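Undergrad: Take this structure, written in structure tokens, and hold onto it; I'll ask about it next.
The values are calculated or read from the model by the stated rules, or taken from the named source; none is laboratory data. Keep in mind the model is a prediction, meaning the values are calculated, not measured. Note that each Cβ is placed from the backbone with ideal geometry, even for glycine, and that neighbours are counted across all protein chains shown.
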């Protein structure tokens with residue numbers, strides 16, 4: 001697996017991955033209605049955000065995206081057929097490390113509130129803690145930057 005920093009030239013690939021998932025699926029039209037457009041992503045990548053693209057044997061397998069202005073993991077998606085290989089974990093680590101490196105001591109993300117979504121258990125397994133439900137029904141998760149261990 002190779003992880004690279006995504007650029008505006010990769011936005012088409014990011015949309016292909018995002019719209020190709022089976023759980024928490026949204027079409028390009030649904031994303032556009034939420035303000036998630038190629039133009040917006042390009043602006044984000046050129047200013048306050050970073051995205052990481054995972055490749056397996058030359059194929060784009062998943063991506064994560066983080067927004068430093070809002071201390072949030074904006075997106076994390078892995079294509080069907082590439083799940084269960086540690087790609088999501090690696091992509092999340094990239095986003096977390098970058099956000100904590102921007103000086104945030106707590107970061108957050110939101111995901112669909114449907115209890116059948118695997119994402120809920122995945123985030124919990126990675127140390128994210130549920131912190132309420134947003135107005136749109138999504139579940140908000142938070143994670144604090146790991147601190148030094150205190151002597152016992």
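Undergrad: From the residues in region 23-42 that are in a helix (DSSP H, G or I) and closer than 19 Å to residue 113 by Cβ, which one is modelled with the lowest pLDDT?
TA: Taking region 23-42 and keeping what is in a helix (DSSP H, G or I), we get 28-33, 38-42.
With the extra rule that they be closer than 19 Å to residue 113 by Cβ, the set shrinks to 30-31, 33.
Numbers: 30: 72, 31: 69, 33: 76.
Result: 31.
Undergrad: Here's something else I'd like to know. Among the listed residues 101, 86, 12, identify the single one that is on the phi > 0 side of the Ramachandran plot and surrounded by fewer than 16 Cβ atoms within 10 Å (Cβ to Cβ). First the steps, then the outcome.
TA: Details: 101 fails: on the phi > 0 side of the Ramachandran plot; 12 fails: on the phi > 0 side of the Ramachandran plot.
Criteria check complete, one pass: 86.
Undergrad: Answer with yes or no whether residue 34 is surrounded by 14 or more Cβ atoms within 10 Å (Cβ to Cβ) and over 13 Å from residue 98 (Cα atoms).
TA: On the way: surrounded by 14 or more Cβ atoms within 10 Å (Cβ to Cβ): no; over 13 Å from residue 98 (Cα atoms): yes.
Criteria not met by residue 34.
Undergrad: Looking at region 59-83, which of its residues are touching a residue at least 24 places away in the same chain (Cβ under 8 Å) and out of contact with any strand residue (DSSP E or B) (no Cβ under 9 Å at 6 or more places or on another chain)?
TA: If the condition is that a residue be touching a residue at least 24 places away in the same chain (Cβ under 8 Å) and out of contact with any strand residue (DSSP E or B) (no Cβ under 9 Å at 6 or more places or on another chain), then 80 is the only one that fits.
Undergrad: Also, I was wondering about something else. If you go through region 58-68 one residue at a time, do you hit one that is modelled with pLDDT of 95 or more and part of a loop (DSSP other than H, G, I, E, B)?
TA: Among the residues of region 58-68, at least one is modelled with pLDDT of 95 or more and part of a loop (DSSP other than H, G, I, E, B), which makes the answer yes.
Undergrad: Collect the residues in region 84-121 that are closer than 24 Å to residue 15 by Cβ, modelled with pLDDT of 90 or more, touching a strand residue (DSSP E or B) at 6+ places or on another chain (Cβ under 8 Å) and assigned to a helix (DSSP H, G or I), keeping them in residue-number order.
TA: Within region 84-121, 87, 88, 90, 91, 92, 94, 95, 96, 98, 99 meet the criteria.
Undergrad: Being in contact with a strand residue (DSSP E or B) (Cβ under 9 Å, 6 or more places away or on another chain) and in contact (Cβ under 8 Å) with a residue 24 or more places away in the chain is the filter; apply it to region 12-40 and report the residue that is farthest from residue 54 (Cα to Cα).
TA: Restricting to residues being in contact with a strand residue (DSSP E or B) (Cβ under 9 Å, 6 or more places away or on another chain) and in contact (Cβ under 8 Å) with a residue 24 or more places away in the chain, the top hit is 24.
Undergrad: From the list 147, 81, 124, 132, pick out the single residue that is assigned to a strand (DSSP E or B), modelled with pLDDT under 95 and either loosely packed, with under 14 Cβ neighbours inside 10 Å or at negative phi (or both).
TA: Numbers: 147 fails: assigned to a strand (DSSP E or B); 81 fails: assigned to a strand (DSSP E or B); 124 fails: assigned to a strand (DSSP E or B).
When all the criteria are applied, what remains is 132.
Undergrad: Something else now. Since residue 69 meets every condition but one in (1) under 14 Å from residue 6 (Cα atoms); (2) surrounded by fewer than 21 Cβ atoms within 10 Å (Cβ to Cβ), which condition does it not meet?
TA: In the conditions (1) under 14 Å from residue 6 (Cα atoms); (2) surrounded by fewer than 21 Cβ atoms within 10 Å (Cβ to Cβ), residue 69 misses (1) alone.
Undergrad: I want to confirm something. Restricting to region 45-57 and keeping residues that are without any contact (Cβ under 8 Å) to a residue 24 or more places away in the chain and either more than 18 Å from residue 11 (Cα to Cα) or touching a strand residue (DSSP E or B) at 6+ places or on another chain (Cβ under 9 Å) (or both), which single residue is surrounded by the most Cβ atoms within 10 Å (Cβ to Cβ)? So that I can check it myself, show each step before the final result.
TA: Start the filter on region 45-57 by keeping residues that are without any contact (Cβ under 8 Å) to a residue 24 or more places away in the chain, which leaves 47-48, 57.
Going one step further and asking which of them are either more than 18 Å from residue 11 (Cα to Cα) or touching a strand residue (DSSP E or B) at 6+ places or on another chain (Cβ under 9 Å) (or both), we end up with 48, 57.
Working: 48: 13, 57: 7.
Residue satisfying both the conditions and the ranking: 48.
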